[in-house]
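**Student:** Starting off with a structure, shown below.
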Amino acid sequence: MDSIKRHGEKQKYIFVTGGVLSGVGKGITAASIGAVLQAKGVNVSIQKCDPYLNVDAGLLNPAEHGECFVTKDGAETDLDLGHYERFLDIELTQKNATLSGRLLLNLINTERAGGFHGKTVQLVPHLTNAIQNSIIDASEGTDVHIVEIGGTVGDYEGLSFVEAIREFGQRVGREKCLYLHVVYVPFIGTSKEYKTKPAQNALKDLRSFGIFPDAVIVRTEATASDNVARKISMLNGIPEKYVVSMPNLDTVYRIPTTIVDSPLHELLTDFTGATTAPELSKWQNLVDKQSQHNDKTVTVGVVAKYMDNED
């Protein structure tokens, strides 16, 4: 029960991690990358790995964690799966949402049933193998599988997931894995400058776990100066062009076109081998519609148990 399943020989994997703080936009970033690859003719699947110890998101207070998203097979999952379905126009199932609590529950039940034949059950390799098997299951039948790791690198509960994706790169081959790290760079109003130290520390943490990212996506309130990318590049050994600025935009549906206009698109093309120019007209049309001024007012009534969050 502690072995790794066989992965697809031609499949490739993109891992999206985050640093500095949670809620930095990893889910939208992962979904947008998937949308760009789809627009290039790539068959894409996607998965959210949540390190918290809940078995599912059904009993979580949305005011704390965000709205629960229910998949077509009835799985109560993280709200990021809603982003994935909206951006990728695909229907997801429980296998696209991996929770630490569910994996641990399965491991304990297996141990109680004698499935480990008296072995000592540990986080490594048993939980990390279970995480890797969940990735292989969710990626079945696709060209590129995108995996978002919830939380921030360095969180105690997320260490097994970081170790699992590091091991995964060794097992399938580093050339089949692309590691993208999303960091937040704050703007200090009093000094009128962006501070990269939190991002530097986040990248240092990631490297300390044996993962050296191929690109860094820098989240900022507004467009940052080139000096931010230059400093992060110099201190972390990442090519400056792959330190990609991703400021807040007027709509999240502009992100796929923003990615295509950045060096990140070149990296995705080289990694996947999909040289076809992306067809993004539907995204541009959506952005254009959202930009149109509408004088009509629509009142929407929402019946809900929790109304504290603004998601």
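The values are calculated or read from the model by the stated rules, or taken from the named source; none is laboratory data. As the structure is a prediction and not an experimental result, all values here were calculated from the model. Quick reminder, even Gly has a Cβ in these numbers, built from the backbone with ideal geometry, and neighbours come from all protein chains shown.
**Student:** Could you tell me which of the residues 261, 288 is out of contact with any Phe, Trp or Tyr (no Cβ under 9 Å at 6 or more places or on another chain) and at pLDDT 95 or above?
**Tutor:** Just a single option satisfies the conditions, and that option is 261.
**Student:** Return only the number of the condition from (1) free of Cβ contacts under 8 Å to residues at least 12 places away in the same chain; (2) surrounded by 17 or more Cβ atoms within 10 Å (Cβ to Cβ); (3) not basic (Lys, Arg) that residue 165 does not satisfy.
**Tutor:** The number of the failed condition is (1).
**Student:** Looking only at the stretch 54-72, count every residue that is of a type outside the set (A, V, I, L, M), closer than 24 Å to residue 32 by Cα and not in a helix (DSSP H, G or I) and tell me the total.
**Tutor:** 6
**Student:** I've got another one for you. For the stretch 183-198, give me the residue count where each residue is among the hydrophobic types (A, V, I, L, M, F, W, C) and modelled with pLDDT of 95 or more.
**Tutor:** Residues that pass the stated criteria total 2.
**Student:** Filter the stretch 126-158 for residues that are more than 14 Å from the chain's Cα centre (by Cα), in contact (Cβ under 8 Å) with a residue 60 or more places away in the chain and under 23 Å from residue 116 (Cβ atoms) and give the result.
**Tutor:** Of everything in the stretch 126-158, those that are more than 14 Å from the chain's Cα centre (by Cα), in contact (Cβ under 8 Å) with a residue 60 or more places away in the chain and under 23 Å from residue 116 (Cβ atoms) turn out to be 126, 129, 131, 132, 133, 134, 136, 137, 157.
**Student:** Separate question: If I go through the stretch 225-243 residue by residue, how many of them are surrounded by 13 or more Cβ atoms within 10 Å (Cβ to Cβ) and small (Gly, Ala, Ser)?
**Tutor:** Selection size over the stretch 225-243: 2.
Let's see how each residue does on (1) more than 28 Å from residue 179 (Cβ to Cβ); (2) at pLDDT below 95:
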residue: 69; (1), (2): no, yes
residue: 77; (1), (2): no, yes
residue: 87; (1), (2): no, no
residue: 110; (1), (2): yes, no
residue: 117; (1), (2): yes, yes
residue: 131; (1), (2): no, no
residue: 136; (1), (2): no, no
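**Student:** Moving to a separate point now. The conditions are (1) over 30 Å from residue 268 (Cβ atoms); (2) within 12 Å of the chain's Cα centre (by Cα); (3) among the β-branched types (Val, Ile, Thr), and residue 24 fails exactly one of them. Which is it?
**Tutor:** All conditions are met except number (1).
**Student:** So in the stretch 46-67, with the set limited to residues that are at pLDDT 90 or above and crowded, with 20+ Cβ neighbours inside 10 Å, which one is farthest from residue 27 (Cα to Cα)?
**Tutor:** Among them, the one singled out is 51.
**Student:** Now, a different point. Hey, any hits in the stretch 202-223 for a residue that's more than 17 Å from the chain's Cα centre (by Cα), of a type in the set (S, T, N, Q), crowded, with 17+ Cβ neighbours inside 10 Å and over 22 Å from residue 80 (Cβ atoms)?
**Tutor:** No, the stretch 202-223 contains no residue that is more than 17 Å from the chain's Cα centre (by Cα), of a type in the set (S, T, N, Q), crowded, with 17+ Cβ neighbours inside 10 Å and over 22 Å from residue 80 (Cβ atoms).
**Student:** Quick check on the stretch 73-123: of everything there that is in a strand (DSSP E or B) and among the hydrophobic types (A, V, I, L, M, F, W, C), which residue is farthest from residue 253 (Cα to Cα)?
**Tutor:** Residue satisfying both the conditions and the ranking: 99.
**Student:** Can I ask one more? Please specify each residue of the stretch 12-26 satisfying the condition of being part of a loop (DSSP other than H, G, I, E, B) and either charged (D, E, K, R) or out of contact with any helix residue (DSSP H, G or I) (no Cβ under 7 Å at 6 or more places or on another chain) (or both). Talk me through it step by step, then tell me what you get.
**Tutor:** Residues of the stretch 12-26 that are part of a loop (DSSP other than H, G, I, E, B), as a first pass: 19-25.
21, 22, 23, 24, 25 - these are the residues of the stretch 12-26 that are part of a loop (DSSP other than H, G, I, E, B) and either charged (D, E, K, R) or out of contact with any helix residue (DSSP H, G or I) (no Cβ under 7 Å at 6 or more places or on another chain) (or both).
**Student:** Of all the residues that make up the stretch 147-164, how many are among the hydrophobic types (A, V, I, L, M, F, W, C) and farther than 22 Å from residue 198 by Cβ?
**Tutor:** First pass over the stretch 147-164, keeping only residues among the hydrophobic types (A, V, I, L, M, F, W, C): 147, 149, 153, 159, 161-162, 164.
Restricting the remaining residues to those that are farther than 22 Å from residue 198 by Cβ gives 147, 164.
Qualifying residue count, the stretch 147-164: 2.
Table: residues versus (1) over 29 Å from residue 273 (Cβ atoms); (2) not in a helix (DSSP H, G or I).
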position	(1), (2)
125	yes, no
133	no, no
140	no, yes
145	no, yes
148	no, yes
153	no, yes
160	yes, no
171	no, no
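**Student:** Say whether the condition of being in contact with a helix residue (DSSP H, G or I) (Cβ under 8 Å, 6 or more places away or on another chain) and closer than 25 Å to residue 198 by Cβ is met by at least one residue in the stretch 51-58.
**Tutor:** Scanning the stretch 51-58 turns up at least one residue that is in contact with a helix residue (DSSP H, G or I) (Cβ under 8 Å, 6 or more places away or on another chain) and closer than 25 Å to residue 198 by Cβ.
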